[in-house]
Amino acid sequence: MNSKINPPKFGYTVRASQIHKGQPVWRKGEEIIDLLKYFNTINQLTIYRQFQKPTKQHKKLTINTIRKKVKKLNLNNQTTIKNTFMKPSLELLSPSNHALVLIDFEGQMAFATKSITMEELRNNVAVICGASKIFNVPTIVTTVAEESFSGPVFPEIETYYPQASTNYIDRTSMNTWEDEAAYQAITGTGKKKLVLAGLWTGVCIVGPALSALAEGYEVYVIADACGDVSQEAHERAMQRMIHMGVKPITSIQYLLELQRDWARQETYVAVTDLMKKHGGSYGLGIHYAHNMMKHA
């Protein structure tokens with residue numbers, strides 16, 4: 001927007017000199033709050049008081065002063081600063097905005113996995129399975145050649161998603177996205193965010209991740225709940241996906257992003273119990289704290 005455009009002859013106007021590649025921007029008073037979102041990345045934010053005639057005089061104000069000025073504006077349907085600044089990012093995962101896809105967590109795939117120890121992998125799989133179950137996340141379990149080659153799923157998956165009630169989708173295709181039944185199950189959830197985990201990273205995760213991206217989905221991969229035949233294979237696969245737009249996360253990060261607030265008592269006990277069992281040192285810390293509180 002051209003900075004030479006005359007501002008309105010009432011209210012406040014805002015000029016943020018470093019928005020839009022350094023081009024000055026004018027905004028009406030009711031849009032001050034929107035511009036405040038840029039405050040942390042702007043060196044100077046100046047409010048100009050507009051009287052009957054334009055004036056060159058201005059005063060640099062601190063963020064606290066800006067907040068006070070905004071509060072004084074009596075504009076229709078004005079959004080409060082709290083609502084503007086305290087909204088969680090749409091990039092965050094929530095229990096209702098994504099589906100979890102568990103791919104090929106089977107014995108034959110695990111035998112050749114070297115990028116992560118099997119103890120760590122199984123623990124992390126338990127964390128993400130428990131998390132999705134606690135928060136009722138739509139979860140698809142898919143296998144490859146279960147009866148003829150790869151074998152049954154990890155016991156940790158069976159614990160939370162028994163085959164009898166979950167209806168695992170067995171495939172011949174290495175790319176889950178190319179299997180019609182799996183594709184229909186995943187897209188049928190109606191979720192535009194997909195979280196993937198499985199074996200191996202470079203084949204069974206790269207395939208559906210890049211394919212889903214190509215169809216406009218947002219894809220997250222739980223890096224420490226994936227594994228490959230070598231550290232090199234896993235890392236190159238992760239780099240390739242990240243380069244294309246996949247968002248890497250970890251198993252405990254996934255759980256805590258869904259909980260988000262310890263005041264959410266309806267899931268607090270289940271989440272902390274899951275961590276005590278599978279959260280390693282973090283889980284021991286929770287166990288310690290809960291027991292010490294009894295003696296306080």
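The values are calculated or read from the model by the stated rules, or taken from the named source; none is laboratory data. Just so you know, these numbers come straight off a predicted model, no measurement behind them. Backbone-built Cβ (ideal geometry, glycine too); neighbour counts: all protein chains shown.
Structure above, values below:
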item: Enumeration of residues in region 237-246 that are over 14 Å from Thr113 (Cβ atoms) and surrounded by 15 or more Cβ atoms within 10 Å (Cβ to Cβ); result: Met238, Arg240, Met241, Val246
item: Meets criteria (surrounded by 12 or more Cβ atoms within 10 Å (Cβ to Cβ), more than 18 Å from the chain's Cα centre (by Cα) and at negative phi) for Gly280; result: no
item: Any helices (runs of 4 or more DSSP H) falling wholly within region 68-151 and containing at least 2 residues that are under 26 Å from Pro162 (Cβ atoms) and either of a type in the set (Asp, Glu) or modelled with pLDDT under 90 (or both); result: 118-134
item: Test: Thr113 is of a type in the set (Val, Ile, Thr) and either in contact with an Asp or Glu (Cβ under 6 Å, 6 or more places away or on another chain) or surrounded by fewer than 23 Cβ atoms within 10 Å (Cβ to Cβ) (or both); result: yes
item: Residue match in region 112-129 (condition: farther than 16 Å from Gly227 by Cα and aliphatic (A, V, I, L, M)); result: no
item: Condition check for Glu266: assigned to a helix (DSSP H, G or I) and more than 15 Å from the chain's Cα centre (by Cα); result: yes
item: The one condition in (1) at negative phi; (2) surrounded by fewer than 21 Cβ atoms within 10 Å (Cβ to Cβ) that Gly216 fails to fulfil; result: (1)
item: Pairs with Cβ under 6 Å, 6+ apart, first in region 84-105 and within 27 Å of Ile116 (Cα to Cα), second assigned to a loop (DSSP other than H, G, I, E, B) and among the β-branched types (Val, Ile, Thr); result: Ala99/Thr189; Leu100/Val137
item: Region 146-172 - residue that is aliphatic (A, V, I, L, M) and surrounded by 15 or more Cβ atoms within 10 Å (Cβ to Cβ) and, of those, nearest to the chain's Cα centre (by Cα); result: Ile157
item: Region 214-228 residues that are farther than 17 Å from Gln253 by Cβ, paired with ones that are of a type in the set (A, V, I, L, M) (beta carbon under 6 Å, 6 or more apart); result: Tyr217/Leu194; Gly227/Ile116; Gly227/Leu121; Gly227/Leu199
item: Residues that are in contact (Cβ under 8 Å) with a residue 40 or more places away in the chain and among the charged types (D, E, K, R), drawn from region 248-296; result: Glu257, Arg260, Lys277
